[in-house]
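The values are calculated or read from the model by the stated rules, or taken from the named source; none is laboratory data. Remember, predicted model here, so these are calculated numbers, not experimental data. Methodologically, a virtual Cβ is constructed for each residue, glycine included, from the backbone with ideal geometry; neighbour enumeration extends over all protein chains shown.
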Amino acid sequence: MLIFYLMLVIIGLGAGFILASTGVIGPLLVPALLFLGLPSGVARGTTLISELPITVFSIIGHKGQGNLDKRIILALLPGAFFVVLGAKFSTQILESHMQLTIGILEMIVGIIVIYKAVKLTSEQDPEITMITRGDMAKFTTAAIIAGLVKGFSGLGWGPISIGLLLIMGVNPRRAVGASLVIRLLLDCFGGATYATMNLIDINVTIALVLAGTVTILPAIKWATRAREKTLSTFLGCVIVLFGALVMFRTLLFMP
């Protein structure tokens, strides 16, 4: 039992840092809880509930660093509604095929992000300084795609939304901050659903949250101080890694 909770603390520390600095965590946290022996439904429900307080503190931290852009958040908001639409149509598509496709899509997006980041010179700034109506429309389109993907399989909001925003030239810190705000809405709805079905492990949740909150502030400070090129490259690598994890897990359990 001691080893079990020690593993939870280690997982929580990593989850808090990755979520606060990159805005994504599900493809890593769910498999980790499955590895520790939690049933699939409980692992997903516990992940959503655990993300809630960590996401709240992360948003507060990003707000303090000036990483929340109301325009980008507003443009991403429709994505939350398309999660519901995606969920309604999810029963018509084989889950394993959908998750395999999402894993491939995440890897492609991550590779493009890394490529664009590597091409940047120290003098170049990838940030869009003047957001036009056309930019807002592009951001909303990215949110709709990410929302549908999230609704279809329960995965992909962070990697897809942040990755597409980075490809469009959004500052990586603002991309993460905006994505976290919408993630909070998704976690609230999803977490409440799993809670009504009693698919939450309270003890695991408390351990993850207590450990996760410890690394939030260092993660945000690092993300804020890191060069745009460094942070974009790191985000791209995380997206590729998470896409690979989704693919590996899908292929492993595919009938």
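Residue count for the range 33-66 under the criterion of being of a type in the set (A, V, I, L, M), free of Cβ contacts under 8 Å to residues at least 24 places away in the same chain and within 22 Å of Y194 (Cα to Cα): the result is 2. Annotation note: of L8, L48, the sole residue that is assigned to a helix (DSSP H, G or I) and either within 13 Å of N203 (Cβ to Cβ) or of a type in the set (D, E) (or both) is L8. Among the residues of the range 143-167, those identified as outside any helix (DSSP H, G or I) and either more than 16 Å from V181 (Cα to Cα) or modelled with pLDDT of 80 or more (or both) are G154, L155. Of all residues in the range 168-180, exactly one satisfies the criterion of being in contact with a Lys or Arg (Cβ under 8 Å, 6 or more places away or on another chain) and part of a loop (DSSP other than H, G, I, E, B), namely M168. Across the range 21-52, the number of residues qualifying as buried (at least 19 other Cβ atoms within 10 Å of the Cβ), over 18 Å from G190 (Cα atoms) and touching a Phe, Trp or Tyr at 6+ places or on another chain (Cβ under 8 Å) comes to 2. All conditions but one from (1) over 18 Å from the mean Cα position of the chain (by Cα); (2) farther than 23 Å from V118 by Cα apply to R227; the one that does not is (2).
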